[in-house]
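Below is one structure, written out as structure tokens; comments come after it.
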Amino acid sequence: MTNPLQSRMVEIIKEYRFEAAHFLPNVPDGHKCKRMHGHSFLFEIKLAGNVDEHSGWLMDFGAISVVVKPLLDGFLDHNLLNEIPGLENPTSEHIAFWLWSRLKKEIPPLVEITVHETCNSRCVYRG
């Protein structure tokens with residue numbers, strides 16, 4: 001019997017959360033985001049590709065976390081994002097690109113990163 005997922009394109013999504021402070025230095029004076037403030041950030045990474053015949057998955061969720069967790073623990077969580085090289089202007093757009101540039105090489109099937117800055121505001125980056 002053949003595997004019904006074999007040679008089928010799938011997408012998988014893994015979510016991560018971190019708490020961080022930031023301010024946006026390039027917004028006009030008086031803009032509320034120019035002041036330091038914090039967010040409970042959520043980001044999703046989406047992978048796409050064919051299911052491996054032997055393993056039965058596109059990629060092990062645990063293997064994804066092995067790559068992502070050092071970025072969370074070493075840079076993002078409970079830090080001032082403006083102090084991180086490459087995030088001096090830590091907009092959601094820059095955070096998404098910063099994550100992409102560090103994850104794509106280690107997670108080749110990565111196709112999309114979504115950064116949720118608030119419950120109703122997010123940025124999607126597709127490389």
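Please pick out the residue among 73, 77, 60 that is charged (D, E, K, R) and either in contact with a helix residue (DSSP H, G or I) (Cβ under 8 Å, 6 or more places away or on another chain) or surrounded by 15 or more Cβ atoms within 10 Å (Cβ to Cβ) (or both).
Details: 73 fails: either in contact with a helix residue (DSSP H, G or I) (Cβ under 8 Å, 6 or more places away or on another chain) or surrounded by 15 or more Cβ atoms within 10 Å (Cβ to Cβ) (or both); 60 fails: either in contact with a helix residue (DSSP H, G or I) (Cβ under 8 Å, 6 or more places away or on another chain) or surrounded by 15 or more Cβ atoms within 10 Å (Cβ to Cβ) (or both).
After ruling out the rest, the residue left standing is 77.
Regarding the range 47-64, can at least one residue be identified that is touching a His at 6+ places or on another chain (Cβ under 8 Å) and among the aliphatic types (A, V, I, L, M)? Walk me through it before giving the result.
Of all residues in the range 47-64, those touching a His at 6+ places or on another chain (Cβ under 8 Å) come to none.
No, the range 47-64 contains no residue that is touching a His at 6+ places or on another chain (Cβ under 8 Å) and among the aliphatic types (A, V, I, L, M).
Can you confirm whether residue 92 is at pLDDT 95 or above, polar (S, T, N, Q) and surrounded by fewer than 16 Cβ atoms within 10 Å (Cβ to Cβ)? Show your work before the answer.
On the way: at pLDDT 95 or above: yes; polar (S, T, N, Q): yes; surrounded by fewer than 16 Cβ atoms within 10 Å (Cβ to Cβ): no.
Here the answer is no, as residue 92 does not meet what is asked.
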From 53, 19, 15, grab the single residue that is within 16 Å of residue 91 (Cα to Cα) and free of Cβ contacts under 8 Å to residues at least 60 places away in the same chain.
-> 19
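For the structure I just gave you, tell me whether residue 58 is part of a loop (DSSP other than H, G, I, E, B), touching a residue at least 40 places away in the same chain (Cβ under 8 Å), among the hydrophobic types (A, V, I, L, M, F, W, C) and more than 20 Å from residue 18 (Cα to Cα).
On the way: part of a loop (DSSP other than H, G, I, E, B): yes; touching a residue at least 40 places away in the same chain (Cβ under 8 Å): yes; among the hydrophobic types (A, V, I, L, M, F, W, C): yes; more than 20 Å from residue 18 (Cα to Cα): yes.
It is true that residue 58 is part of a loop (DSSP other than H, G, I, E, B), touching a residue at least 40 places away in the same chain (Cβ under 8 Å), among the hydrophobic types (A, V, I, L, M, F, W, C) and more than 20 Å from residue 18 (Cα to Cα).
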Filtered residues of the range 14-54 (kept if at pLDDT 95 or above and surrounded by fewer than 12 Cβ atoms within 10 Å (Cβ to Cβ)) = 15, 25, 26, 28, 29, 30, 31, 32, 35, 36, 37
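Among the residues that make up the range 105-126, is at least one of them in a strand (DSSP E or B) and exposed (fewer than 11 other Cβ atoms within 10 Å of the Cβ)?
Residues of the range 105-126 that are in a strand (DSSP E or B), as a first pass: 110-118, 121-125.
From what is left, the residues that are exposed (fewer than 11 other Cβ atoms within 10 Å of the Cβ) are 121.
Scanning the range 105-126 turns up at least one residue that is in a strand (DSSP E or B) and exposed (fewer than 11 other Cβ atoms within 10 Å of the Cβ).
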Of (1) in contact (Cβ under 8 Å) with a residue 40 or more places away in the chain; (2) touching a helix residue (DSSP H, G or I) at 6+ places or on another chain (Cβ under 7 Å); (3) not in a strand (DSSP E or B), residue 89 satisfies all except one. Which?
-> (2)
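The values are calculated or read from the model by the stated rules, or taken from the named source; none is laboratory data. Remember, predicted model here, so these are calculated numbers, not experimental data. As a convention, Cβ positions derive from the backbone with ideal geometry for all residues, glycine included, and neighbour counts pool all protein chains shown.
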